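S.K.: I'd like to ask some things about the structure below.
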């Protein structure tokens, strides 16, 4: 076989292999995309499992949870989706098996080891905050906002004292009237202005630029370490005043994507950013006004999402 003949044969093999692979990837992508509509497709294909004929008086929430626990005594009720229509079923979103005692001890040990390792590797004893990156080499002591999530998330691996130190460092070095800086001004890599060509702006994007959405987890963490006190919630509300005034500044009724790290912290980037608005709303409703759904393993409580008269007055002012 000549060189040209071998080349032609390899091209044909490459073509057919490519076509077969493309068909496989197309089928994979299509089936994966269909999962997006699982909540619509599944009830349509299995109507008998998703819809019931209403009979008698509707059960109360407490009766529903009691019936589920009686049916699954070895499991823990995590979440329910209540019916939207009279003939809808109550959907059990998650039932987590309690398992045996040995499994409980094993996972408890893994959790304790993870917490110990997290603190041993990431805690900066000298600075009193968390390292930003630990990857085998020298630890990165840059003061960045990522560490605030170690406090704001429901299950923290930090002690109460260390959590307070993290919030204090973030407040001192990163907090601005419009959110948290992505890097402390004391860092040699800090860029306080978001100006110039695309490359210059990209270089400043994570090097000091202020991100409004990070005000959400900061407020959550601040109120959390202060025990949810009234004074802490009022302080958080004051911190949001500049963002409230910003609603009539760049994009009317919206919050900008980012702000410059240096005062006066001019709005830059997109004039309307969904995550900026979403996190500020979440922190306001859940942390400042304390309006949130509450669910525990022992009981499932429906908490009214209707604000009090005092809360409505504060929101309107």
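S.K.: Look at region 212-238 and say how many of its residues are out of contact with any helix residue (DSSP H, G or I) (no Cβ under 7 Å at 6 or more places or on another chain) and in contact (Cβ under 8 Å) with a residue 12 or more places away in the chain.
M.R.: Residues that pass the stated criteria total 2.
S.K.: Would you check which residues across region 157-177 are in a loop (DSSP other than H, G, I, E, B) and surrounded by fewer than 23 Cβ atoms within 10 Å (Cβ to Cβ) and list them?
M.R.: Selection gives 157, 158, 159, 177.
S.K.: Residue 79 is checked against (1) loosely packed, with under 14 Cβ neighbours inside 10 Å; (2) at pLDDT below 80; (3) out of contact with any strand residue (DSSP E or B) (no Cβ under 7 Å at 6 or more places or on another chain) and fails just one. What number does that condition carry?
M.R.: The failed condition is (3).
S.K.: Kindly establish whether residue 285 is more than 21 Å from residue 181 (Cβ to Cβ), within 21 Å of the chain's Cα centre (by Cα) and either at pLDDT 80 or above or not in a loop (DSSP other than H, G, I, E, B) (or both).
M.R.: yes
S.K.: Among the numbered criteria (1) at pLDDT below 95; (2) in a loop (DSSP other than H, G, I, E, B), which single criterion is violated by residue 201?
M.R.: The number of the failed condition is (2).
S.K.: Looking at 272, 184, which one is modelled with pLDDT under 95 and in a loop (DSSP other than H, G, I, E, B)?
M.R.: Residue meeting the stated conditions: 272.
S.K.: Checking residue 137 against (1) outside any loop (DSSP other than H, G, I, E, B); (2) surrounded by fewer than 12 Cβ atoms within 10 Å (Cβ to Cβ); (3) modelled with pLDDT under 95, only one condition comes out false. Which one?
M.R.: The one condition residue 137 does not meet is (1).
S.K.: Another question about this same structure. Find the residue count for region 242-261, including only residues that are touching a residue at least 24 places away in the same chain (Cβ under 8 Å) and either farther than 30 Å from residue 203 by Cβ or surrounded by fewer than 18 Cβ atoms within 10 Å (Cβ to Cβ) (or both).
M.R.: Residues meeting the conditions: 1.
S.K.: Here is a further query. In region 97-129, what residues are at pLDDT below 70 and surrounded by 11 or more Cβ atoms within 10 Å (Cβ to Cβ)?
M.R.: Narrowing region 97-129 to residues at pLDDT below 70: 97-100.
Matches in region 97-129: 98, 99.
S.K.: Being farther than 18 Å from residue 239 by Cα and either buried (at least 17 other Cβ atoms within 10 Å of the Cβ) or without any contact (Cβ under 8 Å) to a residue 60 or more places away in the chain (or both) is true for just one of 154, 185, 145. Which residue is that?
M.R.: After applying the criteria, what remains is 154.
The values are calculated or read from the model by the stated rules, or taken from the named source; none is laboratory data. Since the model is a prediction, treat every value here as computed from it, not as a measurement. Using ideal geometry, Cβ is built from the backbone for each residue, glycine included, and neighbour counts are taken over all protein chains shown.
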